[in-house]
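Novice: Here's a structure for you.
The values are calculated or read from the model by the stated rules, or taken from the named source; none is laboratory data. Note that the structure is a prediction, hence the values are computed from the model and not measured. Cβ: placed from backbone, ideal geometry, glycine included. Neighbour counts: every protein chain shown. Note: areas computed on protein heavy atoms with side chains; ligands, DNA, RNA excluded. Shrake-Rupley method; radii C 1.70, N 1.55, O 1.52, S 1.80 Å.
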Amino acid sequence: MTVDEMKEKKRQLGYSSEKLAELSGVPLGTVQKIFGGFTKAPRYKTLQSLEKVFVEAEQKEDLSTGAYVPGKQNVMMVHEPAAAYHTDGRKDQGGYTIEDYFSLPEEKRAELIDGVFYDMVSPSVIHQLIAGQIFVQLNSFLRKKKASCVPCIAPVDVQLDCDDRTMVQPDVLVVCDREKIRKSGIFGAPDFVAEILSKATRRKDMVVKLAKYAQAGVREYWLIDPDKQNVLVYDLKNMEFPSIYGFDAKIPVTIFGGECKINMRDIQAVSYTHLRAHETAAN
């Protein structure tokens with residue numbers, strides 16, 4: 001979320017600078033400087049703290065709509081961009097656990113983040129092609145290096161915080177500590193995560209998951225936008241501002257010291273050519 005977007009949210013919610021300082025823990029003077037335009041490049045941690053306030057406010061608004069999901073537990077989910085799932089007698093969002101996660105119907109895909117359920121829509125063909133090609137390049141590099149790191153592709157359960165309130169399914173991930181790899185999934189934060197954006201998951205991936213991955217200890221986070229054909233690379237370990245690459249770039253993987261480079265031009269050629277072939281055949 002940009003500063004301008006936060007300014008608009010601040011206006012919509014009617015929050016004063018004093019209220020934002022109270023909710024975020026950011027000093028009042030810093031809040032006033034940021035929203036007054038006096039600080040041109042706020043610190044990443046400061047922006048995260050402010051952003052979290054607006055995200056939590058949006059999540060509360062999301063709870064007002066919904067539909068019933070049958071299953072062992074009556075579960076309310078945040079569904080992007082619109083509906084949430086709920087029924088009378090449900091738990092409040094924020095109160096769900098991994099026990100509830102495993103009680104969902106087998107056909108229902110969802111992520112649990114800090115006790116909140118987020119519905120997962122079926123990925124598009126281009127989404128799957130891009131994720132698959134990134135996995136192939138990572139796997140090829142790691143096999144050549146005989147590295148201990150292990151790449152995985154969704155769906156795989158990741159118990160991110162090693163607690164009972166968060167279970168996510170990143171599109172592509174790399175785990176370098178093999179002790180985290182269990183039969184049921186990954187127990188702890190991966191070293192590298194890539195998410196492919198869609199209209200349905202954009203806000204969750206760019207805001208909720210960004211903050212969550214940083215907090216949990218993920219070292220590197222990629223946000224891949226098939227529509228804009230660019231990649232946002234976050235060096236979360238060093239809390240750097242994100243680097244932006246186009247689909248014509250060879251993007252260095254920070255956790256491997258840049259030795260591994262993901263060739264987005266090749267991914268673009270394979271993925272989009274394959275998709276165009278499907279569209280031509282359909283016509």
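Novice: Once you put a point 7 Å from the Cα of residue 122 and another 7 Å from the Cα of residue 5, both along the Cβ direction, what distance in nm separates them?
Specialist: That separation, rounded to one decimal, is 2.8 nm.
Novice: Could you compute how fast the stretch 147-220 diffuses translationally, taking Rh as the Kirkwood radius over C-alpha pairs and applying Stokes-Einstein at 10 °C with viscosity 1.306 mPa s? Give it in µm² per second.
Specialist: Once the numbers are plugged in, D ends up at 129 µm²/s.
Novice: Continuing with the same structure: Could you pull the Cα extents of the stretch 170-273 along its three principal axes, largest to smallest, in whole Å?
Specialist: Largest to smallest, the principal-axis extents are 38, 32, 30 Å.
Novice: If you roll a 1.4 Å probe over the stretch 122-209 with all protein chains in place, what percent of the accessible area is carbon or sulfur? The partial results should precede the final answer.
Specialist: Details: 2100 of 3950 Å².
The C+S portion of the solvent-accessible surface of the stretch 122-209 is 53 percent.
Novice: At 7 Å along Cα-to-Cβ for each site, give me the label-to-label distance between residue 265 and residue 228 in nm.
Specialist: My value for the distance between the label points is 2.3 nm.
Novice: Mind giving me the FRET efficiency for residue 240 and residue 183? R0 is 41 Å, r the Cβ-Cβ distance, nearest 0.05 is fine. Walk me through the intermediate numbers first.
Specialist: On the way: r = 35 Å, r/R0 = 0.86.
The calculated FRET efficiency here is 0.70.
Novice: Here's a follow-up. Taking 7 Å along the Cα-to-C-beta vector as the label spot, tell me the residue 98-residue 139 distance in nanometres, rounded to one decimal.
Specialist: Once both label points are built, they end up 2.6 nm from each other.
Novice: Something else now. Taking a threshold of 27 Å on the Cα-Cα distance, which of the pairs 45/108; 146/261; 145/250; 10/45; 145/204 fall above it?
Specialist: Flagged as over cut-off: 45/108; 145/204.
Novice: Between residue 28 and residue 248, what FRET efficiency comes out of the Förster formula 1/(1 + (r/R0)^6) with R0 = 30 Å and r the beta carbon distance, rounded to 0.05?
Specialist: 0.10
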